[in-house]
Amino acid sequence: MASNQDQNDHARFIQAGNLMRQNVQEEYDSAVRATVGWTMALIIVSIAFAMLTAAAIRRFTQDDVASYMIGGIVHMGTGLALHAYLLERHYRAPGILRFFTLLIFLACVGAIAAISYFRADLMIEQGRPRATSYMLTAFMGLLEIGLPSLFGFMLFKAWLRKDIAYEDLQWVKGVAARIPQEDSPDYGWLDEGYHFKKRIREIDNELPHLNLALQTADAHRHGVNAADAEAKIYELRSEKEKLQRKYDRIITWYPGQSDEAEREIEKRLRGEEPPPSTPISSDGT
């Protein structure tokens, strides 16, 4: 009877691990679809705006194909440059790279503004009122800048979700594969949760000292020390965010009472139960 109960418990924990993996897989698939969707939306709106701006650009190129291509590139560049700049800021890319990407974005915005001005001149030449022409082209110019920028921002958000879900998916696959190999059905779950929570508390203890070091460096105008402390704070906060996200998944999907996993992990952190001795997680992070 006890053996059957153990088998049932093991099966329950294995099933929970598989469900957690399926959930993260769905998150990843959804993020990929959103990334593709916003990319397609940016392409479509760039083509549409290229058709609107072709006449104004044709005054300089004297070529239809070149006019459409320039209009499409400028509008597409607006969205993609903003997307790239936001990603570079999030991942703290070198400052020179962020500056270059921002320049591309501003150049595209400036090009759209210039095209709008020449389009207004074209409308005036066609006999339309000057005030109406400038107001209409100003509105269209704002739309031509705003929509690609919005789609670029949404593409950035979707891309970020995809990156996060992919990282979690690699980890959760390791957890789901590990659970069937454990002698105790809950060991893998609690082991993961224990190491995540332990590291989170270590980071919480480190951050106040680093914040003090940053304030001290600022007070003494030690720019290098302040930059080092700021970089370390960002690194620890990013690590904590990742650990907390994985810890929350463990607690959410643990196949027991809602607070059972947290109670067991706290016992190990307080030393009431022997702590696990395995690496921090199945993916080695």
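A few remarks follow.
- Residue check, Ala55 at pLDDT below 95, under 26 Å from Phe118 (Cβ atoms), assigned by TED's automatic domain parsing to the domain that holds Phe118 and in contact with a Ser or Thr (Cβ under 9 Å, 6 or more places away or on another chain): yes
- Failed item in (1) closer than 24 Å to Met154 by Cα; (2) in contact with an Asp or Glu (Cβ under 9 Å, 6 or more places away or on another chain); (3) of a type in the set (Lys, Arg), with Arg59 passing the rest: (1)
- In this structure, Phe153 does satisfy being modelled with pLDDT of 95 or more, part of a helix (DSSP H, G or I) and either within 30 Å of Val45 (Cβ to Cβ) or not assigned by TED's automatic domain parsing to the domain that holds Gly77 (or both).
- The listed residue being part of a helix (DSSP H, G or I), out of contact with any Phe, Trp or Tyr (no Cβ under 8 Å at 6 or more places or on another chain) and assigned by TED's automatic domain parsing to the domain that holds Ile57, out of Ala158, Ala114: Ala114
- Filter result for the condition that a residue is surrounded by fewer than 17 Cβ atoms within 10 Å (Cβ to Cβ) and either under 30 Å from Met140 (Cα atoms) or not β-branched (Val, Ile, Thr) (or both), over Val32, Val74, Val65: Val65
- Residue within segment 202-209 that is in a helix (DSSP H, G or I), in contact with a helix residue (DSSP H, G or I) (Cβ under 7 Å, 6 or more places away or on another chain), without any contact (Cβ under 8 Å) to a residue 60 or more places away in the chain and not β-branched (Val, Ile, Thr) present: yes
The values are calculated or read from the model by the stated rules, or taken from the named source; none is laboratory data. Because the structure is predicted, anything quoted here is derived from the model rather than measured. Every residue, glycine among them, receives a Cβ derived from its backbone with ideal geometry; neighbour counts consider all protein chains shown.
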